[in-house]
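Taking it in order: structure first as C-alpha cells, then the write-up.
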Amino acid sequence: MDVGSVISQIQLAPGMLVIPAVLMVIGYVAKQSSIIPDKHIPLLILAAGIGFGLWVVGLNVSGVVQGIGAAGITVLGHQTIKQQMK
C-alpha cells in the first residue's frame, strides 16, 4: 500500500463536517479573550477537536483521529485566510 492510497482514504466522518466551523468560533472567542495567551490557542483547538471527535464518533481511536483532523482543517483554514489577506 503506497502513501497516496492511504491519504486518499482519509476523510472526516459525516457527523464531524460542522466541527471545523465550531472550532473556528472557539478560536475566535479565545483570541478575543485576554485570559488565554495566543500561543495556547492551537492546543485549545486540538483539545476541543479531540473532545468533539470522541463525542461524535465514539470513545475510540477513530474519534481521536477525527478530532485531530478537524483541528487540522481549522488551523489550515485559518492560516490560509490569514495569508491571503496579506
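For segment 38-86, what does the alpha-carbon gyration tensor say about shape, rounded, prolate or oblate, given a ≥ b ≥ c as the root eigenvalues, a/c under 1.5 as rounded, and a/b over b/c as prolate? The shape class here is prolate.
Classify the chain from the C-alpha gyration tensor, please: rounded if a/c falls under 1.5, else prolate or oblate depending on whether a/b exceeds b/c.
On the way: a/c = 2.33, a/b = 1.43, b/c = 1.63.
In terms of gyration-tensor shape, oblate.
On full extension of the chain, what length is gained from W55 through Q83, given 0.36 nm per residue of separation minus the C-alpha to C-alpha distance?
Numbers: separation 28, 0.36 × 28 = 10.08 nm, distance 3.20 nm.
That works out to 6.9 nm of additional length.
Note on V22 and L43: the extension gain reaches 6.0 nm, defined as 0.36 nm multiplied by sequence separation minus the Cα-Cα distance. When I45, I50 are sorted by how many other C-beta atoms sit within 10 angstrom of their C-beta, beginning with the fewest, the order is I50, I45. The separation of segment 48-86 from segment 13-45, counted between C-alpha centres, amounts to 9 Å.
Rule-based calculations on the coordinates, nothing more; no lab input. Fair warning: this is a prediction, and the values are worked out from it, not measured in the lab. Using ideal geometry, Cβ is built from the backbone for each residue, glycine included, and neighbour counts are taken over all protein chains shown.
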